[in-house]
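Written below as structure tokens is the structure these notes are about.
Bear in mind that the values in this text are calculations on the coordinates, not laboratory data. Computed from a predicted structure; not experimentally measured. A quick note on method: Cβ atoms are made from the backbone with ideal geometry, for glycine too, and the neighbour counts reach across all protein chains shown.
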Amino acid sequence: MKVIHLSVECFPVAKVGGLADVVGALPKYQCSMGIDASVVMPWFDRPFLQNHETISVGSGSIEQGGERFDYEVLKEQGDSLGFPLYFIHIPGKLDRPEVYCYPDEAEQWIAFQHAFLDYLHNQEVLPDVVHCHDHHVGLVPFLLQYSTAYSERLSIIKTVFTVHNGQYQGWMTWDKGALLPAFDSWKWGLLDWDGLINPLAAAIKCCTAYTTVSEGYLLELYAEANGLQNLFKMESGKAEGIVNGIDEAFWNPETDPSIEKNYTVSTVRSGKNTNKKSLGKAYGMDFSKPLIAFVGRFASEKGADLLPEIIDEIFANTNEEFCVFILGSGDEEISQQLEARKARYEGRLATFFGYNEELAHRVYASADLLLMPSRVEPCGLNQLYAMKYGTIPIVRGIGGLRDTVLDVENEGGYGFVFEEPDAVDAAAAVIRALHMITDKKRVDQIRKRMMKLDYSWEQSAIKYEKLYNRLVEQIL
């Protein structure tokens, strides 16, 4: 079984969100299972590529709107991530330091997909499956079937499309259609949704199968998907929800080199105490009190805009001792509101504004509670990281959070779940958790229960393998 994962993010090369973690881990686990899995992504001017040697394995040229672009395909030597990793380099398009937010982003991703198809068309051995991740590569299932230059040879390839976040769909006006490789014009409707080219919609229409990153999120897309809910329901016969996993080689308190003291299920209490002292010393704070953490992007879908009000509600409505650590980046107004509260709650609130992977590991290893007040959470990885490190999650019951966190009020529960996306409901859940955290014996039991849960990629990789096999065995 030969599988190519196509994505614009892959940890540790280029990461903005959970997409990178998935693409950086799933292929590794698939390779360990005997699947010939690889990743193809854009070339970025980032430290990974500056510090790793690559070798050229292909080149060519594509025409985009009357302009010709040369491309080169580079392979990372040594397969240091546990799988073959390929980069498509196009001077002027795919050669930049940041992943997103360029004004010609649509042209970038069209060029990436076009060059990938051109390179693939020239390969002697074709993959059985091309696994596309999110809207940035959503045109590939359509073009494999209907591009006049490539479909005759490539249309036999099965395509899996994974929806990591259905809110972002890659909309572009129809004038961008002239940039696409030539395709059967009778099929233009497969690209269209409400008068725009919609790569996410096109992918759902044209892929052999689509997946979501949790079962709960699949059901939510049927009800609300930023205008595509009816399409998701119409194509539900080829849908499957497969919850993401975590890379336990990278997220493991027993071996994690980023934390002050490694610990196991049996030493979690003492290990956390040591890590809390270290983190507190670094920020000039006393973290001996219960520590609540938030790690993530400052975006409304993450509920980050609620954080200032949630903090106010907690301080106003409980006498319990606690501290808060916020690690995140994004909306500047949220950062300013949180910064203002540091003076109001001096010695109780610490912040780090920016992206810092090593610090995230230290926070998970130190915190007692992790808050995720998400409005939208297709899967969520932070709660899985937290549980692996014995940090009790407090989550809104949405998407993958509902699938993976069981409230302590239920038999065998190990977290706190609230329903409404507002500060009052979130704060009430935090206060409930603070009351419970004083019961050290119960906390020890919950921590051990969480840390023994199996959310490794092994289980999810097996489900993907079964899906691939079903698709490949289908009669054409």
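At-a-glance table
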item: Rounded to the nearest 20 debye, dipole of the range 34-87 from Cβ charges on Lys, Arg, Asp, Glu; result: 80 debye
item: Spacing of the two label points (7 Å from each Cα toward its C-beta) at Glu333 and Gln459, in nm; result: 4.0 nm
item: Positive dipole terminus of the range 43-184, leading residue within His133, Ala149, His114 (C-beta point charges); result: His133
item: Share, in percent, of DSSP beta bridges within the chain that are antiparallel, nearest 5; result: 30 percent
item: The range 101-106 - phi-based ³J(HN,Hα) in whole Hz, Karplus 6.51/-1.76/1.60, Gly and Pro as x; result: 6, 8, x, 9, 4, 4
item: Charge dipole magnitude, Cβ of K and R +1, D and E -1 - the chain, Cα centre, debye nearest 20; result: 1400 debye
item: Sum of side-chain charges, Ser61 neighbourhood, beta-carbon under 12 Å (Lys, Arg +1; Asp, Glu -1); result: -4
item: FRET efficiency, Ser278 to Glu152 (Cβ-Cβ, R0 45 Å, nearest 0.05); result: 0.15
item: Unit charges at the beta carbon, dipole of the range 1-106: most positive-side option, Leu26, His89, Val13; result: Leu26
item: On Cα atoms only, tilt of 332-344 relative to the major axis of the chain in degrees; result: 10 degrees
item: Residue (of Trp186, Val295, Met1) at the positive-pole extreme of the chain, dipole from beta-carbon charges; result: Val295
item: Shape parameters for the chain, alpha-carbon atoms, Rg then Dmax in Å; result: 23.1, 70
item: For the range 268-454: Kirkwood Rh in Å [reciprocal of mean 1/r, alpha carbons]; result: 16.1 Å
item: The range 197-238: equivalent-ellipsoid semi-axes (sqrt of 5 x gyration tensor eigenvalues, Cα, Å); result: 15, 12, 9
item: Summed side-chain charge close to Glu332 - residues other than Glu332 whose Cβ falls under 14 Å, Lys, Arg +1, Asp, Glu -1; result: -3
item: Spatial separation of Cα centroids for the range 199-252 and the range 63-95, in angstrom; result: 27 Å
item: Global geometry of the range 60-154, whether rounded, prolate or oblate, following the gyration tensor of its Cα atoms and the 1.5 cut on a/c; result: rounded
item: Residue-span extension gain [Ala249 to Asn230] - 0.36 nm each, minus C-alpha spacing; result: 2.9 nm
item: Violating pairs (Cα-Cα greater than 22 angstrom) within the set Lys289/Lys441; Lys28/Lys93; Lys261/Lys448; Lys272/Lys342; Lys388/Lys440; result: Lys28/Lys93; Lys272/Lys342
item: Cα centroid of the range 256-301 to Cα centroid of the range 348-364, whole Å; result: 9 Å
item: Net charge dipole size for the range 268-454 [Lys, Arg +1 and Asp, Glu -1 on Cβ; Debye, nearest 20]; result: 1100 debye
item: Per-residue [θ]222 nm for the chain (sum of -39500 (n - 2.57) over DSSP H runs n ≥ 4, rounded to 500); result: -11000 deg cm²/dmol
